[in-house]
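Visitor: Attaching a single structure in structure tokens format; questions to follow.
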Amino acid sequence: MLQFDDVLLAQDDFRLTVDWSVGAGARVAVIGPSGAGKSTLLSAVAGFFAPRRGRVLWQGADLGPLNPGARPVTILFQDQNLFPHLTLALNLGLGLRPDLRLSAAQKAQVDTVLDRVGLAGMGARKPPQLSGGQIGRASLARALLRARPVLLLDEPFAALGPALKAEMLTLVGEIADETGALVMMVTHDPADARAFAALTVLVAEGVAHAPVETAVLFADPPPALRAYLG
Amino acid sequence: MARGPVAVIGTGAAVCVAALVLLPLGAVLMRASTWPAFAPGDGQAVWFTLWQALVSAVVSCVLAVPVARALARRRFVGREVLITLMGAPFLLPTIVAVMGLIAVFGRSGLANQALAAVGVPPLSVYGAQGVILAHVFLNLPLAVRMVLQGWQAIPAERFRLAESLGFAPAQVTRHLEVPMLRAILPGAFAVIFVICLTSFAVALTLGGGPKATTVELAIYQAVRFDFDLGRAALLAGLQFALCALVAVLVWHVVTQAGFGAGLDRAPVLRAQGVGPLLADGLAIGGTAVFLLLPLGTIAVRGLPGLLELPDAVWAAAGRSVTVALASTGVTVATALALALRVSDARWGAGVIDAVALLPLATSGLVLGTGLFLLVQPWAAPSSLALPVTVAVNVAMSLPFVYRLLLPEARVLRADYGRLSESLGLQGISWLRLVAVPRLARPLGFGAGLAAALSMGDLGVIALFASDQTATLPLVVQRLMGAYRMDTAAGAALLLVVISFGLFWAFDWWGRRYATV
Amino acid sequence: MKTSILATGLSCIALAASAETPVLTVYAGDYFTSEWGPGPAIEAGFEAFCACDLQFSTGDLLPRLMLEGQRTQADVVIGLTTDVLARAREAGFFGPHGQDLAALTLPVAWPDDTFLPFNWGHTAFIYDTTRLTSPPATLAAMRDLPDGVTVVIQDPRTSISGLALVLWVKSVYGDQAGAFWSDLAPHILTVTKDWSESYGLFTSGEADMVLSYTTSPAYHIMAENDLSKQAALFPEGHYFMAETVGKIAGTDQPELADKFLAWVLTSEFQKTVPAANWSLPAALPQADWPEGWSDLPLPEKVLFLTEDAAEALRVEAVEEWRAALSQ
């Protein structure tokens, strides 16, 4: 269970309070106006933004003392999810051992995962030689290798076309099924939320509201969401 | 969120650098027997020092912009070679550089011969114009390289975006190039300003006389000639204050360009039309002639002597290379530690940044004298000549290498800091897999610079030198002192070739490694 | 492996031998010990009879002594020039040389019991006969050189020869020295930090005349067979400079040091001076000078400032120079 225990995220004029929890393995869309704090919410889980007050807990343990790399979390950013100077195989290998001293078995695992996401035989390529969709797949492949119980998506597919994005979301779904991960996904698109996430968190006006069922939320949007949806 | 060991090493490096600079200064102050006083002419020296450094730095930076832009957006045969060669003047030992400049711009130089051929009366290089000319000759290459790196650091994606938005050239300049220049130029200006601030043999010779007295000359006089350590410390303190002032100003002016990361795709900087083509051709051609002609005369002058150099010259060359390589290793490691520390830290970054630039403001002579005082109770200074030379070389080249690394280290943090952290990539693995490969280009360039600067250094060794530890610049000086001008020219050419060879090798490594 | 053991053994023996051989540490000017300087010949000559190991330590002389103070390693210091003797003496590191000065052949009286001269020369302007056909015949003529004739000199604040020049002008012109500099100023192409840069400018054809020494033509004549470089000799006289050797008062090798000082005055040593230092021997009758040296044109009149006189004039003379050339 991921729990926000009376959390206040604050910087300069920005304020965001969070106080709810969500079960392991859930799929949660995070929606809300630009600048409301969707990315900040994810950053707090990933360890890039320390709460001013309160705690973030996973399975009852406080995540506060843990460095980002030590948290049970994989996060995909909007961009820069791969190091451009490293080959795909090495970029993926980082998910298994950050020092890249990979055993033969681990190297085989990388190949298997590449194959799994449809990038078979491309392990020697570098990110600049890839298309946006391929980069997305490779980032997800590493998430699969890391197999952390929380997967945070900070709009990594925002730049992709609708068909490609749908394909990626399908892949995310498959990976979440395989690893049993809790997925929190920032999105602007209600369609994405409806297609992918059973639960949705609305972030607006300084509050990250407790997750509610996506269908219910969109059936009767609260005023803040209505304003956002237009 | 400090990156544990890297942050600790960075802080430790800063402490060492501060000690290396401040302890000798303290030792000199302690030994000063008389209460220092300013002398007549000091005011004029300060004024001239500031004025010429300001003009030299401004001219170098202003000229560097069109040249770097031309080099960034044109592809032609020999471009890489030209870029590397154009870096050479910065690496010249001053005495050699002066000879090369005079062979071109002097009273009987090539330029005046050309003027005479078309009936124009000769122009004199000696005077303020000569000082500026020499300083621009020596430092334009550095400015060009720094600005060129800035252009190359703008991700190709941004230029594509600009193109896709149908930006006119003026808009590209406003939205992409000006922010980059605002980030790069203050640093380039500061570095060149400080180099020119501490110049003295070049300024004196080309300045044509005591009008061109700099503070550094007064320090030299106080240390080597009058043995007035109090005055040396006073003047060193004054010079220090001038440099610190500039450093503080620049610290406030520097902005981050904030282009974000790209995918290492080759930049597509395009310029169409005859006008830009002519302008670029003029910028590249003019700079090449200006920078390469004096180098050519040095080669021509030295070639005969190069073929029959005595053994002592080769032995000294070997020592110089050893010293240069040792200095380079320590310099690059220290600069990297400092740059990573400053780019990361939430606390103390300003202090550490100032420490990294501290040696620039320090007079090498005062530093050498202080080290002598510190070392002498414990060991015979001459037995430590080479280690001390390495230490001083490190101090003197550190700020340059650090300055080259810092902006790119910041970019590295901004673009890949979170990714690294989220993957738990830290410590040695992070250095090996991320920092060194991502910073390979400035690391290689910086290492080349450090090696070449260490080859040419002469200032501090005189107190410590023994015959067994003579370095190549010292041997050049001795040859000239013994009337062997031809042999000296040959040895000087050897010095230039080695300096440049080292620079080229490191720079090449960096560029190659960066693209692998 | 065997060879390295052998080498180690040999170096141990060498070390043991050197431990028994007394070492005479001689501080010398930077030019001294290179193969183009006088050092190697002096070392070989002295070690041939002293049963000692002479070790040169080169670099700055006076600054180094001042920094080291009583802890100096030096037994003997060679190469201090006349114009720094006052300060060297005042520092109090040197003891009496104890040598008989009768052998000296200097053109000036030398009653000094601390510093022993071993070579000498005078400052002079050197010109190239192929470029300057009618050189100035007097120092006064330097004040109105023809248009376009250029001179390169050294900075008296950083160079010993540059300092000698301002003292030369001061001793000839006294209160009018500033006026001399103002007159010469348009002809001064530039001022360099040290002698070698100036001389390089001259030999490369950039300047018509260079401040150097009366003995400079000897190098070109003897080493290059080039007769075109000549010293302009002036009836007003030329400024005398000598290089000296002195014994550190607290030396732990007083006998060896005395032996070295005595050897400096021998004709064997003195005969090595001209071709190694490109200067004149201090204790050798002109008849005994090496071949070619007797023919070298030298000035009739020698200007010599005692060290006290030089020290008294130094600051003022340099400031006059600076002020006149900074206009």
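Each row is one residue, and each column tells you yes or no for (1) more than 13 Å from chain C (Cβ to nearest Cβ); (2) closer than 18 Å to B:Pro141 by Cβ; (3) in contact with an Asp or Glu (Cβ under 7 Å, 6 or more places away or on another chain); (4) free of Cβ contacts under 8 Å to residues at least 60 places away in the same chain.
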site: B:His175; (1), (2), (3), (4): yes, no, no, yes
site: B:Met180; (1), (2), (3), (4): yes, no, no, no
site: B:Phe193; (1), (2), (3), (4): yes, yes, no, no
site: B:Val202; (1), (2), (3), (4): no, yes, no, no
site: B:Gly208; (1), (2), (3), (4): no, no, no, no
site: B:Thr214; (1), (2), (3), (4): no, no, no, no
site: B:Ile219; (1), (2), (3), (4): no, no, no, no
site: B:Ala222; (1), (2), (3), (4): no, no, yes, yes
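Visitor: Name the single residue, out of those in the stretch C:46-77 being among the hydrophobic types (A, V, I, L, M, F, W, C) and more than 14 Å from every other protein chain (Cβ to nearest Cβ), that is nearest to C:Ser159 (Cα to Cα).
Guide: Pass one, the stretch C:46-77, residues among the hydrophobic types (A, V, I, L, M, F, W, C): C:46, C:48-52, C:54, C:56, C:61-62, C:65-67, C:74, C:76-77.
Now drop any that are not more than 14 Å from every other protein chain (Cβ to nearest Cβ), which leaves C:46, C:48-52, C:76-77.
Details: C:Phe46: 30, C:Ala48: 35, C:Phe49: 36, C:Cys50: 35, C:Ala51: 37, C:Cys52: 34, C:Val76: 23, C:Val77: 19 Å.
That would be C:Val77.
Visitor: If I filter the stretch B:81-92 for residues that are modelled with pLDDT of 90 or more and among the aliphatic types (A, V, I, L, M), do I get at least one hit?
Guide: Pass one, the stretch B:81-92, residues modelled with pLDDT of 90 or more: none.
Checking the stretch B:81-92: not a single residue is modelled with pLDDT of 90 or more and among the aliphatic types (A, V, I, L, M).
Visitor: Looking at A:Ala61, A:Ala70, A:Ala26, can you tell me which residue is within 29 Å of B:Leu439 (Cα to Cα) and surrounded by fewer than 23 Cβ atoms within 10 Å (Cβ to Cβ)? Before you say what the answer is, go through the steps one by one.
Guide: Values: A:Ala61 fails: within 29 Å of B:Leu439 (Cα to Cα); A:Ala26 fails: within 29 Å of B:Leu439 (Cα to Cα).
Step by step, each of A:Ala61, A:Ala70, A:Ala26 is checked, and only A:Ala70 is within 29 Å of B:Leu439 (Cα to Cα) and surrounded by fewer than 23 Cβ atoms within 10 Å (Cβ to Cβ).
Visitor: Another question, if that's okay. Give the residue that is surrounded by the fewest Cβ atoms within 10 Å (Cβ to Cβ), with candidates limited to residues of the stretch B:254-313 that are hydroxyl-bearing (Ser, Thr, Tyr) and either modelled with pLDDT of 90 or more or assigned to a helix (DSSP H, G or I) (or both).
Guide: Taking the stretch B:254-313 first, the residues hydroxyl-bearing (Ser, Thr, Tyr) are B:255, B:287, B:297.
Retained after the next criterion (residues that are either modelled with pLDDT of 90 or more or assigned to a helix (DSSP H, G or I) (or both)): B:287, B:297.
Values: B:Thr287: 22, B:Thr297: 19.
So, considering only residues that are hydroxyl-bearing (Ser, Thr, Tyr) and either modelled with pLDDT of 90 or more or assigned to a helix (DSSP H, G or I) (or both), the one surrounded by the fewest Cβ atoms within 10 Å (Cβ to Cβ) is B:Thr297.
Visitor: Any residue in the stretch B:431-448 that is within 12 Å of B:Trp508 (Cβ to Cβ) and assigned by TED's automatic domain parsing to the domain that holds B:Tyr402 sitting within a Cβ distance under 9 Å of a residue that is surrounded by 23 or more Cβ atoms within 10 Å (Cβ to Cβ) and among the β-branched types (Val, Ile, Thr)? List the pairs, counting only those 6 or more apart or interchain.
Guide: Hits for this filter: B:Phe445/B:Val401; B:Ala447/B:Thr328; B:Ala447/B:Thr331; B:Ala447/B:Val332; B:Ala447/B:Val401; B:Gly448/B:Thr328.
Visitor: Residue check, C:Phe125 against (1) under 22 Å from C:Ala262 (Cβ atoms); (2) within 18 Å of the chain's Cα centre (by Cα); (3) modelled with pLDDT of 90 or more, all met but one. Which one?
Guide: All conditions pass for C:Phe125, except number (1).
Visitor: Only one of (1) modelled with pLDDT under 80; (2) under 16 Å from C:Lys259 (Cβ atoms); (3) not basic (Lys, Arg) fails for C:Gly95. Which number is that?
Guide: (1)
Visitor: For the stretch B:465-506, which residues satisfy the criterion of being among the hydrophobic types (A, V, I, L, M, F, W, C) and more than 25 Å from the chain's Cα centre (by Cα)?
Guide: Within the stretch B:465-506, the first condition is being among the hydrophobic types (A, V, I, L, M, F, W, C), and the residues that meet it are B:465, B:470, B:472, B:474-476, B:479-480, B:482, B:485, B:488-489, B:491-498, B:500, B:502-506.
Answer for the stretch B:465-506, where residues must be among the hydrophobic types (A, V, I, L, M, F, W, C) and more than 25 Å from the chain's Cα centre (by Cα): B:Leu479, B:Met480, B:Ala482, B:Met485.
Visitor: Now for a different question. Given the criterion touching a Lys or Arg at 6+ places or on another chain (Cβ under 9 Å) and in contact (Cβ under 8 Å) with a residue 12 or more places away in the chain, identify the matching residue among C:Leu163, C:Leu201.
Guide: Values: C:Leu201 fails: touching a Lys or Arg at 6+ places or on another chain (Cβ under 9 Å).
The unique qualifying residue is C:Leu163.
Visitor: Among the residues of the stretch C:170-205, write down those that are surrounded by 24 or more Cβ atoms within 10 Å (Cβ to Cβ) and more than 11 Å from every other protein chain (Cβ to nearest Cβ).
Guide: C:Lys170
Visitor: Restricting to the stretch A:32-58, what's the tally of residues that are surrounded by fewer than 19 Cβ atoms within 10 Å (Cβ to Cβ) and outside any loop (DSSP other than H, G, I, E, B)?
Guide: Residues meeting the conditions: 4.
Visitor: Could you check B:Val81 against (1) more than 14 Å from chain C (Cβ to nearest Cβ); (2) touching a residue at least 12 places away in the same chain (Cβ under 8 Å); (3) more than 16 Å from the chain's Cα centre (by Cα) and say which number it fails?
Guide: So the condition that B:Val81 fails would be (2).
Visitor: What do you reckon, is C:Thr192 among the β-branched types (Val, Ile, Thr) and closer than 15 Å to B:Ile95 by Cα?
Guide: Numbers: among the β-branched types (Val, Ile, Thr): yes; closer than 15 Å to B:Ile95 by Cα: yes.
Judged against the criteria, C:Thr192 is a match.
Visitor: Could I ask something else about it? Can you report the number of residues in the stretch A:195-214 which are assigned to a helix (DSSP H, G or I) and either outside the structural domain of A:Phe14 (by TED's automatic domain parsing) or at pLDDT below 90 (or both)? Give the derivation first.
Guide: Here is the first cut: in the stretch A:195-214, the ones assigned to a helix (DSSP H, G or I) are A:195-196, A:214.
If we keep only those that are either outside the structural domain of A:Phe14 (by TED's automatic domain parsing) or at pLDDT below 90 (or both) as well, we get A:195-196.
So the count comes out to 2.
Visitor: So, one more: Quick one: would you say C:Val245 is within 23 Å of C:Pro96 (Cβ to Cβ) and modelled with pLDDT of 95 or more? Break it down into steps so the answer makes sense when it comes.
Guide: Numbers: within 23 Å of C:Pro96 (Cβ to Cβ): yes; modelled with pLDDT of 95 or more: yes.
Considered against the rule, which asks whether it is within 23 Å of C:Pro96 (Cβ to Cβ) and modelled with pLDDT of 95 or more, C:Val245 comes out as yes.
Visitor: Scan the stretch C:31-51 and report the pairs whose first residue is more than 23 Å from C:Asp194 (Cβ to Cβ) and whose second residue is surrounded by fewer than 22 Cβ atoms within 10 Å (Cβ to Cβ) and of a type in the set (Ser, Thr, Tyr), with Cβ atoms within less than 6 Å and a gap of 6+ or a chain change.
Guide: C:Ala41/C:Thr272
Visitor: Is it the case, given these coordinates, that B:Ala316 is within 19 Å of B:Gly456 (Cβ to Cβ), in contact (Cβ under 8 Å) with a residue 60 or more places away in the chain, over 17 Å from the mean Cα position of the chain (by Cα) and not assigned by TED's automatic domain parsing to the domain that holds B:Ala244? Walk me through it before giving the result.
Guide: Numbers: within 19 Å of B:Gly456 (Cβ to Cβ): yes; in contact (Cβ under 8 Å) with a residue 60 or more places away in the chain: yes; over 17 Å from the mean Cα position of the chain (by Cα): yes; not assigned by TED's automatic domain parsing to the domain that holds B:Ala244: yes.
It is true that B:Ala316 is within 19 Å of B:Gly456 (Cβ to Cβ), in contact (Cβ under 8 Å) with a residue 60 or more places away in the chain, over 17 Å from the mean Cα position of the chain (by Cα) and not assigned by TED's automatic domain parsing to the domain that holds B:Ala244.
Visitor: Say we look at the stretch C:266-284 and pick out the residues that are in contact with a helix residue (DSSP H, G or I) (Cβ under 9 Å, 6 or more places away or on another chain) and either β-branched (Val, Ile, Thr) or not assigned by TED's automatic domain parsing to the domain that holds C:Ala48 (or both); which of these is nearest to C:Pro235 (Cα to Cα)? Give the steps one after another, and end with the answer.
Guide: First, the residues of the stretch C:266-284 that are in contact with a helix residue (DSSP H, G or I) (Cβ under 9 Å, 6 or more places away or on another chain): C:266-272, C:274-276, C:278-284.
Next, from what is left, pick out any that are either β-branched (Val, Ile, Thr) or not assigned by TED's automatic domain parsing to the domain that holds C:Ala48 (or both): C:266, C:272.
Working: C:Thr266: 32, C:Thr272: 30 Å.
Of everything passing the filter in the stretch C:266-284, C:Thr272 is nearest to C:Pro235 (Cα to Cα).
Visitor: Here is a follow-up. Test C:Leu116 against the stated conditions and say whether it is assigned to a helix (DSSP H, G or I), buried (at least 22 other Cβ atoms within 10 Å of the Cβ) and in contact with a Ser or Thr (Cβ under 9 Å, 6 or more places away or on another chain). Before you say what the answer is, go through the steps one by one.
Guide: On the way: assigned to a helix (DSSP H, G or I): no; buried (at least 22 other Cβ atoms within 10 Å of the Cβ): yes; in contact with a Ser or Thr (Cβ under 9 Å, 6 or more places away or on another chain): yes.
No.
Visitor: Another question about this same structure. Among the listed residues B:Ala414, B:Ala391, B:Ala361, identify the single one that is in contact (Cβ under 8 Å) with a residue 24 or more places away in the chain, within 13 Å of another protein chain (Cβ to nearest Cβ) and surrounded by fewer than 24 Cβ atoms within 10 Å (Cβ to Cβ). Please lay out each step first, then the result.
Guide: Numbers: B:Ala391 fails: within 13 Å of another protein chain (Cβ to nearest Cβ); B:Ala361 fails: within 13 Å of another protein chain (Cβ to nearest Cβ).
Step by step, each of B:Ala414, B:Ala391, B:Ala361 is checked, and only B:Ala414 is in contact (Cβ under 8 Å) with a residue 24 or more places away in the chain, within 13 Å of another protein chain (Cβ to nearest Cβ) and surrounded by fewer than 24 Cβ atoms within 10 Å (Cβ to Cβ).
Per-residue answers, yes or no, for (1) touching a helix residue (DSSP H, G or I) at 6+ places or on another chain (Cβ under 8 Å); (2) farther than 19 Å from B:Thr84 by Cβ; (3) hydroxyl-bearing (Ser, Thr, Tyr):
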| residue | (1), (2), (3) |
| --- | --- |
| B:Tyr483 | yes, yes, yes |
| B:Thr487 | yes, yes, yes |
| B:Ala492 | yes, yes, no |
| B:Phe500 | yes, no, no |
| B:Asp507 | yes, no, no |
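Visitor: If I ask for residues that are assigned to a loop (DSSP other than H, G, I, E, B) and either touching a residue at least 24 places away in the same chain (Cβ under 8 Å) or within 21 Å of A:Asp19 (Cβ to Cβ) (or both), which ones from the stretch A:215-230 would you list? Please lay out each step first, then the result.
Guide: At the first step, the residues of the stretch A:215-230 found to be assigned to a loop (DSSP other than H, G, I, E, B) are A:220-222, A:230.
Residue satisfying the conditions is A:Pro222 alone.
Visitor: When you scan the stretch B:225-237, how many residues do you find that are in contact (Cβ under 8 Å) with a residue 12 or more places away in the chain, in a helix (DSSP H, G or I) and surrounded by 19 or more Cβ atoms within 10 Å (Cβ to Cβ)?
Guide: 7
Visitor: May I ask you to verify whether B:Gly329 is within 14 Å of chain C (Cβ to nearest Cβ), of a type outside the set (Lys, Arg) and in a helix (DSSP H, G or I)? Don't jump to the end; show me each part of the working.
Guide: Details: within 14 Å of chain C (Cβ to nearest Cβ): no; of a type outside the set (Lys, Arg): yes; in a helix (DSSP H, G or I): yes.
It is false that B:Gly329 is within 14 Å of chain C (Cβ to nearest Cβ), of a type outside the set (Lys, Arg) and in a helix (DSSP H, G or I).
Visitor: From the list C:Ala88, C:Ala74, exactly one residue is buried (at least 20 other Cβ atoms within 10 Å of the Cβ) and part of a loop (DSSP other than H, G, I, E, B). Which is it? Give the derivation first.
Guide: On the way: C:Ala88 fails: part of a loop (DSSP other than H, G, I, E, B).
One residue alone meets the criteria, C:Ala74.
The values are calculated or read from the model by the stated rules, or taken from the named source; none is laboratory data. Since the model is a prediction, treat every value here as computed from it, not as a measurement. With ideal geometry, Cβ positions are generated from the backbone for all residues, glycine too; neighbour counts draw on all protein chains shown.
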